[in-house]
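Values quoted throughout were computed directly from the atomic coordinates according to the rules given, and no laboratory measurement underlies them. Keep in mind that this is a model prediction, so the values were computed, not measured. So basically every Cβ, Gly included, is an ideal-geometry build from the backbone, and we count neighbours across all protein chains shown.
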Amino acid sequence: MGGFFGVVSHRDAMSDTFFGTDYHSHLGTRRGGMAAYDREIGLQREIHNIQNSPFRTKFDNIFNEMNGNSAIGCISDFEPQPLLIRARFGTYAICFIGIINNAQKLIDEYLVDNGGHFDAMTGGKVNSVELLAAMINRKDTIAEGVKFAQEKIDGTASILILQDDGSIIAARDRVGRLPISIGKNDDGYCVSFESFAYEKMGYQKDRELGPGEIVKITADGIERLSAPGKEMKICSFLWSYYGFPTTSYEGVNVEMMRYRNGAIMAKRDEETGATDGVDYVGGLPDSGTPHAIGYANASGKPYTRAFIKYTPTWARSFTPTRQQERNRVAKMKLIPVPELIKDKSLLFVDDSIVRGTQIRETIDFLYENGAKEVHIRSACPPVMYSCKYLNFSRATSEMELIARRTIIELEGEEGLKYIDEYSDFNTERGKKLRESLCKELHLKSVEFQSLEGIIEAIGLEPCKLCTYCWNGKE
């Protein structure tokens, strides 16, 4: 995924940008970067690998190395960024969140039309940020270039640009799949993916950008360069999984949505009697926990932590490069509370079930520690399609998705015509999918939140939400 944060101020911007960017560390795992503008020095930039160390430890000397009243920072899951670009509108720093699916086509078009070149990475790949900048530079102004790039891109691009006059240009992606929020204090403005990041530092919310909206931000005010569009398709997974609990998108708080989501699942289970005899309810930490609290509160079943994650030295289970080691570390982090597991019927709520690899390890761990039976609830519908707009569930093959793979095993390619039925627990195909998953994962029961249920929990109009990974509808 990735996240960014920027500040334009009448005072030094480095501290707020440092902490604001660090508050986005839950959104990316590979690269962290910062850029700053100072009147005497000009633009400065620094990028570090954060795969095995958190952002703050790699940038703890940044206050001695960079300074300025304007700065941007970025957490990236892929390419190093921000980049410094010199173009006809001057020099600027740029970072973005999203994905460019048609990158090779755009690269080929650019090379033919302009006869230019790109700085190639290992294997000849081109940094998507550099490609984005090249597209922006084809127009007479940055705002025109941003609109041109977003129209040409198959995918998503929300953009921050720090200019060599100290201003920041912020552009939300064309249909608002990702959020951009602006905060204000007495000294200036900040721009952020996560609203809590600036609220924690004393900024007050000024506004959220609309889909496709582009603004220029200075310490003295905000100028709209392009009005927002009418169509919005914000990613539903922001509430189910990605978003930090204390943040809000489009006025909907993440933690409160998760409580409502869990309660909706509990009500349905109560109607069907699916979890009679369950002793305890728990969450698969961290993002499954609030869904489970909502479930427990609504069901009246005790919420417990049957195991605790040991995080002082293993903060990220996905840090090792090899999948085998990632799985081992994920399992090693789970420390059981035997009194809450042995001979108990346990129900756990997870934010989603995508490939099934990690949840299988957790289920095995519970049985190894004496659980009588294990029930699993997914806080969202079965993931049937790899996301093509962001970086969530971007599998090399959709056959990696456990729900889709199970359909193929049950019915072959013909079964893919009935994905809607397989997602619905009321249908015969839906029941077969769940029975197969129970058998494969050694579960007493498994169930998924319905599409209608998660939309109800979010509380926005269905037409404003992207649900592609569940129903394949754009």
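Write out the trypsin sites (Lys or Arg not before Pro) in region 87-126 meeting two conditions: DSSP loop, and at most 12 other Cβ atoms within 10 Å of their Cβ. Sparse-neighbourhood loop trypsin sites (Lys or Arg not before Pro): ARG88.
Provide the gained length on full extension for the span GLU361 to LYS205, in nm with one decimal, where the gain is 0.36 nm per separating residue minus the Cα-Cα distance.
Value of the extension gain: 52.0 nm.
Restricting the calculation to Cα atoms, region 428-474 shows an Rg/Rh of 1.09 when the hydrodynamic-style radius is the Kirkwood one.
Is there a pair in LYS200/LYS301; LYS301/LYS344; LYS301/LYS333; LYS184/LYS233; LYS342/LYS439 whose C-alpha atoms are over 24 Å apart, and which pairs would that be? Could you put the intermediate results ahead of the total?
Values: LYS200/LYS301 34 Å; LYS301/LYS344 13 Å; LYS301/LYS333 26 Å; LYS184/LYS233 26 Å; LYS342/LYS439 21 Å.
Violating the 24 Å Cα-Cα cut-off are LYS200/LYS301; LYS301/LYS333; LYS184/LYS233.
Net charge within 11 Å of TYR241 by Cβ-Cβ distance, Lys/Arg positive one each and Asp/Glu negative one each, not counting TYR241 itself?
Computed value for this residue: -2.
Altogether, the Stokes-Einstein calculation at 37 °C and 0.692 mPa s, with the Kirkwood radius of region 352-474 over Cα pairs as Rh, returns a diffusion coefficient of 217 µm²/s.
Between GLU109 and THR427, what is the FRET efficiency for a Förster distance of 56 Å, r being their Cβ-Cβ separation, to the nearest 0.05?
About 0.80, to the nearest 0.05.
Here r is the Cβ-Cβ distance between ARG138 and LYS388 and R0 is 22 Å; the resulting FRET efficiency, rounded to 0.05, is 0.35. Taking the C-alpha atoms only, the angle from helix 402-411 to the longest principal axis of the chain is near 50 degrees.
Per-residue counts of other Cβ atoms within 10 Å, averaged by peptide: what ranking do you get for 249-257, 142-150, 265-273, 28-36, highest first?
Highest-to-lowest ranking by the protection proxy: 28-36, 142-150, 249-257, 265-273.
Report the gain in length on full extension from MET256 to GLU368: 0.36 nm times residue separation, minus Cα-Cα distance, nm rounded to one decimal. Additional length available on full extension: 36.9 nm. Working note: Cα atoms of region 252-471, range along each principal axis, descending, whole Å: 45, 42, 35. Compute the length gained on full extension between HIS10 and THR122: take 0.36 nm times their separation in residues and subtract their Cα-Cα distance, giving the result in nm to one decimal. Gain on extension, HIS10 to THR122, equals 36.2 nm.
Taking every DSSP helix (H) stretch of at least 4 residues in the chain, weighting each as -39,500 (n - 2.57) and dividing the sum by the residue count yields a mean residue ellipticity at 222 nm of -9000 deg cm²/dmol. The H on the amide N of LEU225, modeled in the peptide plane, is under 5 Å from the matching H of ILE214, VAL215, LYS216, each at least 5 residues off or on a different chain. Beta bridges assigned by DSSP with both partners in region 252-471 are antiparallel in approximately 15 percent of cases. Axis angle, to the nearest 10 degrees, between helix 428-441 and the longest C-alpha principal axis of the chain: 90 degrees. Which whole-angstrom value gives the distance between the alpha carbon centres of region 273-311 and region 366-445? Their Cα centres are 21 Å away from one another. Calculated over region 155-269, the projected area of the Cα convex hull averaged across directions stands at 8.3 nm². Rounded to two decimals, the Cα radius of gyration of region 3-230 over 2.2 N^0.38 Å is 0.94. In plain terms, the bigger the Kirkwood radius, the slower the diffusion; for the chain, with that radius from Cα pairs, at 37 °C and 0.692 mPa s, Stokes-Einstein puts D at 140 µm²/s.
Across the chain, the relative contact order, built from alpha-carbon pairs under 8 Å that are at least six residues apart, equals 12 percent. Other residues whose C-beta falls under 10 angstrom from the C-beta of ILE180 contribute a net charge of -1, scoring Lys and Arg +1 and Asp and Glu -1. If one takes the longest principal axis of the Cα atoms in the chain, at what angle in degrees, from 0 to 90 and to the nearest 10, does the Cα axis of helix 142-152 lie? For helix 142-152, the angle is close to 40 degrees.
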